[in-house]
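Since every read-out is calculated from the coordinates, none of them should be taken as a lab result. Predicted, not measured: the structure shown is a model, and the values here were computed from it.
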Amino acid sequence: MDDLREIVDAQAIGRLFALLALLVPLLAVAIGGALGKRKGDPKQGAVSGLTVGLLAPLNWVLWRLYNAIVDSTGIDTVRNVVINLVLFAVIGFGIGVGAGKWKRKSDAKT
């Protein structure tokens, strides 16, 4: 019981995110293509699947970036919190704007 260690190892999570960054886009293309085939447009379904699937590599990049920021600024600093808040807010805003445009574009086609 004297052995204190982290419940979740950051390196293990990094490896998991890297694996997901490779597999999720492939699975998303396949699933999107299959769903698109049911709707009569497998190419559009595959493109939509890839678009959603690319969130996994983005997650891996953000994980790496977050760790780099924490390593350089310290985990318990206000500077770290502010940097991460601004970074993730800007990225979230960009994803939201992009998703909104994509949704309006796909609604206009139907």
Those lysines that a straight Cα-Cα span of less than 16 Å connects to residue 103, excepting residues fewer than 8 apart in one chain: none
Average Cα contact separation per residue, the chain, under 8 Å, 6 or more apart, as relative contact order %: 20 percent
Percent breakdown of C-alpha pair distances by 5 Å bin, ordered from the shortest bin, for the chain: 2, 11, 13, 16, 17, 13, 10, 8, 5, 3, 1, 1, 0
Helical mean residue ellipticity (222 nm; -39500 (n - 2.57) per DSSP H run of 4+; nearest 500) of the chain: -29500 deg cm²/dmol
Under Karplus coefficients 6.51, -1.76 and 1.60, residue-wise ³J(HN,Hα) of the stretch 23-40 in Hz, glycine/proline x: 7, 4, x, 5, 5, 5, 5, 5, 5, x, x, 5, 5, x, 5, 5, 8, x
